[in-house]
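In what follows, a structure is listed as structure tokens, so that the remarks can point back to it.
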Amino acid sequence: MHDFKKLEVWQKSIELPLLIYNLTSKFPKDEIFGLNSQMRRCTVSISSNISEGAGRGQNWSFVVFYISHMDHLANCILSQ
């Protein structure tokens, strides 16, 4: 099992939703169920994917979940 809490990427992934929630709170009200919701959900799932991958205990599994994290991050960036 990896100690994911020591990873800088996980630490940053915990900070990111706070920034995104602050940013999206300024979006127009008609975006609440669109872009706003998508950005909030994908940033929250990043840290979850990293911790879940670390809990699997095998290096290849951790890599798969890390790649999944990168995919979620790309979706957040592209949705802007």
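Here are a few things to note about the model shown:
- Spacing of the modelled spin labels on Lys26 and Lys12, each 7 Å from Cα toward Cβ, amounts to 2.2 nm.
- Listed peptides 47-55, 33-41 by packing density, highest first (mean Cβ within 10 Å): 47-55, 33-41
- Straight-distance crosslink candidates among lysines, where the alpha carbon sits under 25 Å from Lys26 and sequence neighbours closer than 8 are dropped: Lys12
Just so you know, all these numbers are worked out from the coordinates, no wet-lab data involved. Bear in mind that the values here come from a model prediction, so they are computed numbers and not experimental data. Neighbour counts run over all protein chains shown; Cβ positions are idealised from the backbone, glycine included.
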